[in-house]
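K.L.:
After the structure tokens below, expect a handful of questions from me.
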Amino acid sequence: MYFVSFILKNLARRPIRTVLTVLGLAVAVGSMIALLAVSYNVERSVEAAFDSRRVDLVVMQKGKPMGWDSEFSEYFVRETAKMPEVERVSEGIVGNANIERDGVLVDLGILLVQGWKPDNFGYEDLQILEGRRLLPGDRRKVMIGSTLANNLKELSKIGPIGHRVGDTLTFVGDPKNPYEIVGIFKSPVIFEDGGAIVPFEDGQELHSKRGKVTGFSVRVRKSAPDSQAEVETVKRKIEALRDPDDPYVVVVADTPDKYVQSVSQLELIRAVSWLVSVIALVVSVISLLNTMTMSVLERTQEIGILRAVGWPRRRVVRMILGEAACLAAAAALVGTVIAFLGMQTLTKMPKVNGFIEPDLSPWVMARGFALTVMVGVVGGAYPAYRAARLLPTEAIRHD
Amino acid sequence: MTDNRNYLGHRNGIPAGRRGECGDYLLYADRLYKTYPDGEVRALNGVSLGVHQGEYVAITGPSGCGKSTLLNMLGVLDVPDNGEIYFRGQPLTTRRDLDNFRARQIGFVFQSFFLIPTLTARENVQVPMFEGPRLSARERAKKADDLLALVGMSQRAHHRPMKLSVGERQRVAIARALANDPVLLLADEPTGNLDSENADKVLDLFTALQKDRNLALIVVTHSDEVAERADRVVKMRDGRVVADSGADIIPTSDSAATS
């Protein structure tokens, strides 16, 4: 018999309690893993997109951490493009929009509609699944992401609504409706996949931002691929720009990773995921503490015998901590399955599936597993301490 | 002048003044005192006792006379308030590795067997081996099989305690006590929960083990039958040894110590 078999047999002694404890922990751990995954996937997809689009700087209005409420004049784009250190710029307009059907609002939650120029960096890693991309001269055309296309397809079962190439979509509040769907795309960025792209000028009108942009990306001419000196120079020059017509508007130029860290929506997701994780961890520790304390109490006499036959305190501690760690490890496994299933379920909900990628990366799973094992150690520490403190003679007499 | 001395400070074996008394005992308890904090009664009141290797000693006496307390002290499950226990001439209470000492030198048998219910007989026997001489899992299993064969339980090796009769449980408990080849076996009312037939079997087994393995056997009992089988009977009353059938009786307590 191995020591670990002994530990597992102890857990099998009260199978219902063990299963319920594991399930309780697994639900908490599952929610923690799912939220960590959502947060991680969003950040990773945005960072990966900037990386594949070879973006060196992201320029947004200062003091507008929400991202899409950033708004400034195209003057900044033009002046930046003139800088000798700048290779290219790519501006965009981003906003939330709603779709209507027969004059009635279709509730899709948050629907991001971007306005892109034909040379937008984003086209470089956009995969056209059906139809075509937007071309120069296109007006009142729209490309929809594959997730949005699926959501609209589901809605079309209730009543007619455009979801295929050649169909039309009507955006609420836009006087120049409807828009013809010319293509369905797949983007590496989750929220792009759940949204739509219209020509830049149409986007400006749709979001009532004529002559404005939400932000723009910059590719810098660099002496070496990883040289940051030129990037820093361009950053300073962009941030020094002032629009003569509106000198109070200030922009910030951040590297993509810094930008991702500063976007308040992502910060919010991160904060919520950590908050829920902390709550889940605390609940898990208390649950495990309860189970293991009960288990030690029930086995007081037995622990006395183990001490009597020569087990030192440290082996008793290892036994109790081992049991707690096994419970936690089982909870981590079941929790991972729960997280995966939960995320799969969320991706079927149109209101949120534009922001969720049902992908559990090894990094997230490892982090969830590590946190859960930590729960096991913390939750088992006090019962182990209690068990180790038992005097053999008193423990054996315990009734 | 009281002889109520505390020898806890003696790290280099038996104090010079006591060497003659300790003789060649395997285990020597030197004037043990114990008062439990929850009561005024002294459980042990200056008890001295020497046990030779291969000797079978029965400790008898009325309930509450300190038999089990003495057994716990001899098995270093508990430490005396005063006094010292010597094993092969070396003091025990100051040792830091008492667990290790217990694992390797002492086997315990209890009235209520105390087998672990989730483990089979074979697995129960292996429990002490985690702390004995280093053995592989295969070696532990093999040794457990051998010990179960020794106590006549081979056929029931894969049964859990609930599936065993009380007599069988006690035999498994004896096999467990022998797991690390101890030189000293301590038994607290080992036949207390057994019918006469099973009690006889257990006592036969004790006798055989004592002879074959040269085990020192100390049994606490109320049973005259158990006491009759012993080489030596020690009677206790009120925390003192009041009679010892052994030839080399050690004074139980000084008159001064009782004052």
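Read the figures in this text as sums done on the coordinates, not as results from a lab. Only a predicted model underlies this, so the values are computations on that prediction, with no experimental measurement involved. Heads up, the Cβs are rebuilt from the backbone with ideal geometry, glycines too, and the neighbour counts pull from every protein chain shown.
K.L.:
Hey, for a label at A:GLN228 modelled as a point 7 Å past Cα toward Cβ, could you say which residues of segment A:255-291 have their backbone N under 14 Å away?
P.N.:
Under 14 Å, as judged by backbone N against the label point of A:GLN228, lie A:255-259 of segment A:255-291.
K.L.:
Then there is this: List every residue whose amide H lies under 5 Å from the amide H of B:LEU185, counting only residues 5 or more places away in sequence or on a different chain, with H placed 1.01 Å from N in the peptide plane.
P.N.:
B:GLY107, B:ALA216, B:LEU217, B:ILE218
K.L.:
Could you work out which residue, out of A:GLY203, A:GLY380, A:GLY109, moves most in a Gaussian network model of chain A, that is, has the largest mean-square fluctuation with Cα springs under 10 Å?
P.N.:
Among A:GLY203, A:GLY380, A:GLY109, the largest GNM mean-square fluctuation belongs to A:GLY109.
K.L.:
In the Gaussian network model of chain A, springs joining C-alpha atoms below 10 Å, which of A:ILE338, A:ILE279, A:ILE356 carries the largest mean-square fluctuation?
P.N.:
A:ILE279
K.L.:
Something else now. Taking the Cα centre of each part, how many Å lie between segment B:94-158 and segment A:140-163?
P.N.:
Computed from Cα coordinates, the inter-centre distance equals 71 Å.
K.L.:
A further question on this structure: Looking at the protein assembly as shown, what % of its DSSP beta bridges pair antiparallel, to the nearest 5?
P.N.:
About 65 percent, rounded to the nearest 5.
K.L.:
Is it possible to state the helix-based mean residue ellipticity at 222 nm for chain B, with each DSSP H run of 4+ residues giving -39500 (n - 2.57), the sum divided by total residues, to the nearest 500 deg cm²/dmol? What is it?
P.N.:
-8500 deg cm²/dmol
K.L.:
Which whole-Hz couplings ³J(HN,Hα) result when phi for each residue of segment B:178-190 is put into the Karplus expression 6.51 cos²θ - 1.76 cosθ + 1.60, θ = phi - 60°, listed in order with x for Gly and Pro?
P.N.:
8, 3, 9, 6, x, 9, 9, 10, 10, 10, 9, 6, x
K.L.:
Further question on the same structure: Along segment A:266-276, what does the Karplus equation 6.51 cos²θ - 1.76 cosθ + 1.60 (θ = phi - 60°) give for ³J(HN,Hα), rounded to whole Hz, x for Gly and Pro?
P.N.:
3J(HN,Hα) across segment A:266-276, in whole Hz: 5, 4, 5, 4, 4, 4, 5, 5, 6, 4, 5.
K.L.:
Label-point separation (nm) for A:LYS237 and A:GLU130, each offset 7 Å from Cα along Cα-to-Cβ?
P.N.:
In this crude label model, A:LYS237 to A:GLU130 measures out at 4.5 nm.
K.L.:
Considering only DSSP states other than H, G, I, E and B, which trypsin sites (Lys or Arg not before Pro) in segment A:94-168 qualify as loop sites with at most 11 other Cβ atoms within 10 Å? Working shown, then result.
P.N.:
Values: sites: A:ARG101, A:ARG132, A:ARG133, A:ARG139, A:ARG140, A:LYS141, A:LYS153, A:LYS157, A:ARG164; in loops: A:ARG132, A:ARG133, A:ARG139, A:ARG140, A:LYS157, A:ARG164.
For trypsin sites (Lys or Arg not before Pro) across segment A:94-168 that sit outside H, G, I, E and B with at most 11 neighbouring Cβ atoms in 10 Å, the list reads A:LYS157.
K.L.:
Starting from segment A:1-100, pick out the chymotrypsin sites (Phe, Trp or Tyr not before Pro) whose DSSP state is loop and whose Cβ has at most 12 other Cβ atoms within 10 Å.
P.N.:
Values: sites: A:TYR2, A:PHE3, A:PHE6, A:TYR40, A:PHE50, A:TRP68, A:PHE72, A:TYR75, A:PHE76; in loops: A:TYR2, A:TRP68.
Here the sparse-neighbourhood loop sites are A:TYR2.
K.L.:
Take every residue in peptide B:110-117, count the Cβ atoms of other chains within 10 Å of its Cβ, and give the average of those counts. Can you show the working numbers first?
P.N.:
On the way: counts 5, 0, 3, 1, 8, 2, 8, 3.
For peptide B:110-117, the averaged partner shielding equals 4.
K.L.:
Most mobile of B:ASP212, B:ASP181, B:ASP78 per a Gaussian network model of chain B (Cα springs, under 10 Å)?
P.N.:
B:ASP212
K.L.:
Can you work out the Karplus-derived ³J(HN,Hα) for every residue in segment A:49-60? Use 6.51 cos²θ - 1.76 cosθ + 1.60 with θ = phi - 60°, whole Hz, and x for glycine or proline.
P.N.:
Calculated HN-Hα couplings, in order: 5, 4, 5, 5, 8, 6, 8, 9, 9, 10, 10, 9 Hz.
K.L.:
A further question follows. Segment A:365-399 to segment A:271-345: how many Å between their Cα centroids?
P.N.:
First find each Cα centre; the distance between them is then 8 Å.
K.L.:
In segment A:66-200, what percentage of the DSSP-assigned beta bridges are antiparallel, given to the nearest 5?
P.N.:
Around 65 percent antiparallel, to the nearest 5.
K.L.:
Which whole-number percent gives the relative contact order of chain A, counting Cα pairs below 8 Å spaced six or more residues apart?
P.N.:
It rounds to 28 percent for chain A.
K.L.:
Percent antiparallel among DSSP beta bridges with both residues in segment B:16-258, to the nearest 5?
P.N.:
Details: 18 of 36 bridges.
Roughly 50 percent of the beta bridges in segment B:16-258 run antiparallel, per DSSP.
K.L.:
How many Cβ atoms of partner chains, on average, are near each residue of A:388-394 if near means within 10 Å of its Cβ?
P.N.:
3
K.L.:
Over the whole of A:307-320, what's the average partner chain Cβ count within 10 Å per residue? Rounded to a whole number, please.
P.N.:
Details: counts 3, 15, 18, 20, 7, 7, 1, 1, 4, 1, 0, 1, 1, 0.
Across the residues of A:307-320, the mean count of other-chain Cβ atoms within 10 Å is 6.
K.L.:
Among the trypsin sites (Lys or Arg not before Pro) in segment B:103-169, which ones are in a DSSP loop with at most 13 other Cβ atoms within 10 Å of the Cβ? Mind listing them?
P.N.:
Those satisfying the criteria are B:ARG134.
K.L.:
Rounded to whole Å and ordered largest first, report the semi-axes of the equivalent ellipsoid of the protein assembly as shown derived from its Cα gyration tensor (root of 5λ).
P.N.:
Largest first, the protein assembly as shown gives 83, 27, 19 Å.
K.L.:
Quick one: which residues, 5 or more positions from A:VAL86 or on another chain, have an amide H under 5 Å from its amide H? H modelled 1.01 Å from N in the peptide plane, none for Pro or chain starts.
P.N.:
Long-range HN contacts for A:VAL86: A:ARG221.
K.L.:
Taking Rh as the Kirkwood radius computed over C-alpha pairs, what is the Stokes-Einstein D of segment B:57-98 at 25 °C in a medium of viscosity 0.890 mPa s, expressed in µm² per second?
P.N.:
216 µm²/s
K.L.:
Mind listing the long-range amide H neighbours of A:ILE99? Cut-off is under 5 Å, sequence gap 5 or more, other chains count too, H placed in the peptide plane at 1.01 Å from N.
P.N.:
Amide H neighbours of A:ILE99, under 5 Å, 5+ apart: A:VAL106, A:LEU108, A:VAL172.
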